[in-house]
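The values are calculated or read from the model by the stated rules, or taken from the named source; none is laboratory data. Since the model is a prediction, treat every value here as computed from it, not as a measurement. Please note: Cβ atoms are built from the backbone with ideal geometry, for glycine as well, and neighbour counts cover all protein chains shown. With ligands, DNA and RNA removed, areas are computed over all heavy atoms of the protein, side chains included. Shrake-Rupley method; radii C 1.70, N 1.55, O 1.52, S 1.80 Å.
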Amino acid sequence: MKKAFKSIVSIIMVAAIVFTLAAPSLAANDPVVARIYVITYLEGTSWTDHAWVYFENLSENSVKVGLYNLPAGEGVSVGCFAASRDDGYGIYYNIESYCADKYGQTGWVSISKDITKSQLQKATDKILSIRNGWDFIFNCMYFAFSVWNAATGDNLVSLVFPVFGQLMLKARGGRKGPQMFVPEKTKVYRQKGRGNNAYLMIVSEKSLNKAI
């Protein structure tokens, strides 16, 4: 019995040593490269509320967010819009970042998390695979929470109206921010299609002439 016990202890100790030695290698292969925020913004009525995700590149190299090449030190917002954008229903990149600066909008509530290379890939996969459209149920909050959950493994539940989403974020310690990177207007895009058929199209001026 003693021999069996000693053998089990030895196996556990060897496994612990192997895991300890392998951990730095695993971290090196999957480093933290970005910070993701999930954000809710309440303008005053349920029809003008909005939710989106925002990514900051924390690495020294460009990273891919959906179809967008995000340079080091910059950020990109990704959100789903309906009739408020002249280029049609669906997924947009940098509308929130550009228009919030243009119209002086602030006051959104967010939570954030640093994510690794593989987690960022999960967010990208979700952006490219999710339904590229908008309706009452599969709306901006559904999109934002789905991408956040894919990247972080969280379980935020979309309850249709962003006001409920904001209450969830506040319950998790949500706070004002972030200060988003302001892109050039030539870096504001609408995503057309989904999956392997997806591509980016620079938005029209009309889509930029409205607040979030």
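In table form, for the structure just shown:
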quantity	calculated
Cβ-defined net charge surrounding Asn132, 11 Å radius [Lys, Arg +1; Asp, Glu -1]	+4
Accessible-area value, Asp135, 1.4 Å probe, nucleic acids and ligands omitted, Å²	50 Å²
Magnitude of the charge dipole, the range 128-194, Cβ model with Lys/Arg +1 and Asp/Glu -1, debye to 20	200 debye
Zone residues, the range 109-132, relative to Asn61, backbone N less than 12 Å from point 7 Å out along Cα-to-Cβ	117
Local electrostatic count, Asp30, Cβ distance below 14 Å [Lys/Arg +1, Asp/Glu -1]	+1
Accessible area in the full protein assembly, largest first, 1.4 Å probe, for Glu74, Glu205	Glu205, Glu74
Solvent-accessible ranking of Glu43, Glu96, Glu60, Glu184, largest area first, probe 1.4 Å	Glu60, Glu184, Glu43, Glu96
Part-to-part distance (alpha-carbon centres) for the range 131-174 and the range 72-120, which is given in Å	14 Å
Fully extended contour minus Cα-Cα distance, from Asp86 to Lys113, at 0.36 nm per residue	6.5 nm
Leading residue at positive end of dipole, the range 97-164 (Cβ point charges), from Ala100, Ala123, Asn155	Ala123
Extended-chain gain in nm, criterion 0.36 nm per residue less alpha-carbon gap, Ile137 and Val157	6.0 nm
Heavy atoms of Arg194 accessible to a 1.4 Å probe, total area in Å² rounded to 10	120 Å²
